[in-house]
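The next block holds one structure in the form of structure tokens; read it before the comments.
The values are calculated or read from the model by the stated rules, or taken from the named source; none is laboratory data. This structure is a prediction, so every number in the text was calculated from the model and none was measured. Positions of Cβ are generated from backbone atoms using ideal geometry, with glycine treated the same way; all protein chains shown enter the neighbour counts. With ligands, DNA and RNA removed, areas are computed over all heavy atoms of the protein, side chains included. Shrake-Rupley method; radii C 1.70, N 1.55, O 1.52, S 1.80 Å.
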Amino acid sequence: MPLPVILDCDPGHDDAVAILLACASPELDVLGISTVAGNVPLEKTSKNALKICELAKLDHVRVYAGMSRPLVKELLTAEEVHGKSGLDGPDLPVPKRRLEPKHSVDFITEELLSHKEPITLIPTGPLTNIAMALVREPRIRNHIREIVLMGGAIAEGNTTPAAEFNIYVDPHAADIVFRSGVPVTMIGLDVTHQALVLPDRLQRIRDLGSHTALVVAGLIEFFQEHHRVKYGMAGPPLHDPCAVAAVVDRTLFQFKKMHVAIELEGRLTQGRTVCDLWNVTGNPVNSEVALSIDAPRFFDLLISRLAKYP
Ligand code: RIB
Ligand code: CA
């Protein structure tokens, strides 16, 4: 039976590919897409989610807009990575479909409380919506199978030397999530920086030849430039699809159970996921953290699922 999941995202080029991977994976039943402010403001992340659903003719997938800013901090966006629209590159038409009228925090809460079985949440942006739902209605904790998130890192930082973007934008939300008692699987930069769309992989996507595949290739080509200049990478990292892939096939990754805490105060380290790799604190395990990824198999999975789109 497919696993019920809710995507919570800030499209964003890699979020867009994550949506396509999730919706083409028979292992998952995507109950809906929730959007959050992150890479670009909420209005644009929400419009971009609709654009991707229309591109791939995902007419049955509902999109709900959520929180427009972090819980405490001012919103920090990433137009330098994703462009002004948040999905720069190929020219995607203005979506015809509208957002659902319901706020995504209401959608997440109501879906969790009413669904016949626990739901897996897959956040790939700042954790503001998830934290709001947990604070507003703690009862949902028993209805969440697990939270498999893209965010944080054991050793890296991409927004500061100490912090990854999704956590840095809303560290207070991340703190609530990691202290919630809900099982967390953390897919951090340590592994997503191994999931690079190298030229041969990009060509395999192009060679699919469909309209959707060619648009994805165009999005990746745009996404590539920032990572070439900033990191000298031979291809951009597909951060968010890694979180979806971890739900589809956990064997693509190696994990280690550990305690993860979020630094809130550090002048240099705010937003750090403090990963107790060697259990030096003795704090109880609250997460499974990805240590490695089988990148060739990840791309085989991704490309086989993208092949399903027209
Ligand atoms: O740090 C990478 C993460 O931040 C990705 O989810 C990207 O889409 C941005 O949200
Ligand atoms: Ca994202």
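Annotations for the structure displayed:
- Answer residue from the stretch 169-189, given it is open to solvent by 10 Å² or more (accessible area, probe 1.4 Å) and touching a Leu at 6+ places or on another chain (Cβ under 7 Å) and is farthest from ligand 1 (Cβ to nearest atom) among those: 180
- Test: residue in the stretch 275-286 that is of a type outside the set (Val, Ile, Thr) and closer than 19 Å to residue 125 by Cβ: no
- Neighbours by Cβ (under 9 Å, 6+ apart or cross-chain): first from the stretch 252-263, surrounded by fewer than 18 Cβ atoms within 10 Å (Cβ to Cβ); second of a type in the set (D, E, K, R): 254/294; 255/288; 256/288; 257/288
- Selection over the stretch 56-87 of residues that are charged (D, E, K, R), in contact with an Asp or Glu (Cβ under 8 Å, 6 or more places away or on another chain) and free of Cβ contacts under 8 Å to residues at least 60 places away in the same chain gives a count of 1.
- Any chance residue 5 is within 13 Å of ligand 1 (Cβ to nearest atom), over 22 Å from residue 221 (Cβ atoms) and either touching a residue at least 60 places away in the same chain (Cβ under 8 Å) or polar (S, T, N, Q) (or both): no
- Scanning the stretch 203-246 for residues that are open to solvent by 20 Å² or more (accessible area, probe 1.4 Å), more than 17 Å from residue 11 (Cα to Cα) and assigned to a helix (DSSP H, G or I) returns 203, 204, 206, 211, 214, 225, 228, 229, 230, 231.
- Among the residues of the stretch 26-43, those that are outside any strand (DSSP E or B) and touching an Asp or Glu at 6+ places or on another chain (Cβ under 9 Å) comprise 27, 36, 37, 38, 39, 40, 42.
- Filter result (under 24 Å from residue 301 (Cβ atoms), among the charged types (D, E, K, R) and more than 16 Å from ligand 2 (Cβ to nearest atom)) within the stretch 157-197: 190
- Considering the conditions (1) touching a Leu at 6+ places or on another chain (Cβ under 8 Å); (2) among the hydrophobic types (A, V, I, L, M, F, W, C); (3) touching a residue at least 40 places away in the same chain (Cβ under 8 Å); (4) open to solvent by less than 10 Å² (accessible area, probe 1.4 Å), residue 147 is excluded by exactly one of them, (3).
- For the stretch 10-55, the set of residues classified as within 22 Å of residue 111 (Cβ to Cβ), open to solvent by 10 Å² or more (accessible area, probe 1.4 Å), within 16 Å of ligand 1 (Cβ to nearest atom) and in contact with a Leu (Cβ under 8 Å, 6 or more places away or on another chain) is empty.
- Exactly one residue out of 154, 140, 122 is within 13 Å of ligand 1 (Cβ to nearest atom) and touching a residue at least 24 places away in the same chain (Cβ under 8 Å): that is 122.
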